[in-house]
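Reviewing the structure listed below.
Please treat every number below as a calculation from the coordinates, not as lab data. Model, not experiment: these values are computed from the prediction. Heads up, the Cβs are rebuilt from the backbone with ideal geometry, glycines too, and the neighbour counts pull from every protein chain shown.
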Amino acid sequence: MQNKKIKIFIIAGEVSGDALAARVMQRMASCAEFVGIGGAAMTECGLKSIFPMADLSVMGIMEVLAHARTLTRRVNQTVDAIIAARPDLVLTVDSPGFAKRVIKKLRSSRDGRDMIARGLRFHHIVAPQVWAWRPGRAKKYAKTFDKLYAFFDFEVPYFTKYGLDTIAVGHPIAENIMNLPRAKKPDDKIITLVPGSRLSEVKKLMPIFRQFVETINSCGYMGYKFAIPIVETTADYVMREIKDWVVKPELVAADARYDLYQRTYVAVAASGTVSAELAMMHVPAIITYKMNRITTLIGRILINVRWVSLVNILLNRAVYPEFLGGDATAENIINEFDTIILPANRAKMIKELHAADNMWVRPEGVASKIIADDILKSV
């Protein structure tokens with residue numbers, strides 16, 4: 001039994017990480033206090049973020065370079081905050097580039113070395129997909145972190161072979177989703193558009209989504225409505241963008257997105273966590289992603305998997321159609337949409353999504369509980 005609360009410096013850099021970190025915080029509320037960086041969900045748990053989480057929501061090589069000055073300033077600010085807080089543990093959630101820069105700078109400082117010598121440890125949630133590309137990252141993670149919480153058993157050996165203590169916890173978002181009523185055929189044919197949570201990706205996908213919506217509206221498709229779940233990092237931009245759309249989508253707050261997904265007939269979504277959410281809720285979807293040309297070219301050279309959607313990877317087949325890079329066009333999405341809305345095809349996709357149900361959650365419990373329990377044993 002802890003005689004006093006442990007202090008954890010916690011860092012989340014994007015919406016999915018914010019949600020997971022908040023659940024871990026809730027599990028530990030009675031025995032831990034938190035300082036660090038987070039978004040709306042962590043703020044509701046009492047965290048006062050030292051700066052806006054949106055400053056870290058950057059993805060892609062060129063995008064990161066464009067924000068290098070801001071990121072460097074935030075790294076320095078975070079290191080100073082850790083030294084001032086003198087926590088028992090630094091817990092980072094995804095956003096590995098930022099996390100590693102912070103830890104490297106902390107290890108190189110006199111105060112940081114002193115704190116590490118006194119027992120400060122670094123735990124990280126979300127293993128990089130080294131099985132997909134750049135397997136050498138596993139060795140770098142072993143040099144940076146003291147503990148890694150991966151999602152799936154097949155990921156663990158990639159890191160333990162380099163001596164990094166790694167445990168599989170299941171997919172974190174499953175604990176909020178797997179007990180929800182599964183998506184049924186909605187009364188309203190709602191098409192949900194999910195442009196992502198990072199501003200850089202949203203800016204690239206919104207024009208494609210607009211063209212898709214306008215084509216659906218002008219080509220005789222009957223009864224379809226549109227909705228977009230919005231997150232704090234991109235809400236203002238999305239609201240400005242749709243002001244001059246001929247058809248105005250319904251905007252839904254991020255914390256109500258699962259209700260929206262239950263009402264969704266077909267989703268068109270950015271690659272990422274949302275594709276796993278939709279798969280768990282058995283929502284038919286088309287996955288798309290568009291990045292900077294240089295980032296896309298490098299990705300094609302380095303990535304070693306056929307698909308980017310996690311359900312496709314787990315089942316080793318193309319359940320969700322994917323349009324990435326130059327293939328991410330409104331025309332391709334519309335052609336695939338015409339196929340999915342056929343009742344037999346929609347039913348087949350939903351049946352295939354059911355096949356992944358037992359892969360999302362571990363028998364010993366949900367991810368946030370496994371992580372919280374492990375931290376309390378470690379500190």
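Say R0 is 51 Å: what FRET efficiency, to the nearest 0.05, do Arg113 and Lys348 get from their beta-carbon distance? Each step should come with its number before you reach the end.
Numbers: r = 58 Å, r/R0 = 1.13.
The value I calculate is 0.30.
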- Max mean-square fluctuation residue, GNM over the chain, Cα-Cα springs under 10 Å, options Asp357, Asp259, Asp338: Asp338
- Task: Output the peptides 29-35, 319-325, 202-208 sorted from most to least packed, where packing is the average of other Cβ atoms within 10 Å over each peptide's residues.
- Result: 319-325, 202-208, 29-35
- Which ³J(HN,Hα) values in Hz, rounded to whole numbers, follow from the phi angles of the range 200-211 under the Karplus curve 6.51 cos²θ - 1.76 cosθ + 1.60, where θ = phi - 60° and Gly and Pro get x? 4, 6, 4, 4, 7, 8, 4, x, 5, 5, 4, 4
- Item | For the chain, calculated [θ]222 nm from helices alone, where every DSSP H run of n ≥ 4 adds -39500 (n - 2.57) | -13000 deg cm²/dmol
- Task: Assuming a ≥ b ≥ c are the square roots of the Cα gyration tensor eigenvalues, decide whether the chain counts as rounded (a/c under 1.5), prolate (otherwise, with a/b larger than b/c) or oblate.
- Result: prolate
- Query: What nm value, rounded to one decimal, do you get for the distance between Ile167 and Arg86 when each label is placed 7 Å out toward the C-beta?
  - Reply: 2.9
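Which order do peptides 18-24, 7-13, 123-129, 75-81 fall in by mean Cβ count within 10 Å, highest first? Write out the running numbers ahead of the final one.
Details: 18-24: 26.7, 7-13: 25.1, 123-129: 22.7, 75-81: 18.3.
Those peptides, ordered most packed to least, come out 18-24, 7-13, 123-129, 75-81.
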- Looking only at the range 210-225, which residues have a backbone nitrogen under 19 Å from a spot 7 Å from the Cα of Lys243 in the C-beta direction? 210-211
- Task: Assign one of three labels to the range 189-359, namely rounded, prolate or oblate, based on the Cα gyration tensor with a ≥ b ≥ c the square roots of its eigenvalues; rounded applies when a/c is under 1.5, prolate when it is not and a/b is larger than b/c, and oblate otherwise.
- Result: rounded
- Message: At 7 Å along Cα-to-Cβ for each site, give me the label-to-label distance between Leu376 and Asn335 in nm.
- Response: 5.5
- Non-local residues with an amide H under 5 Å from the amide H of Phe51, with H modelled 1.01 Å from N and Pro and chain starts lacking one, are Gly38
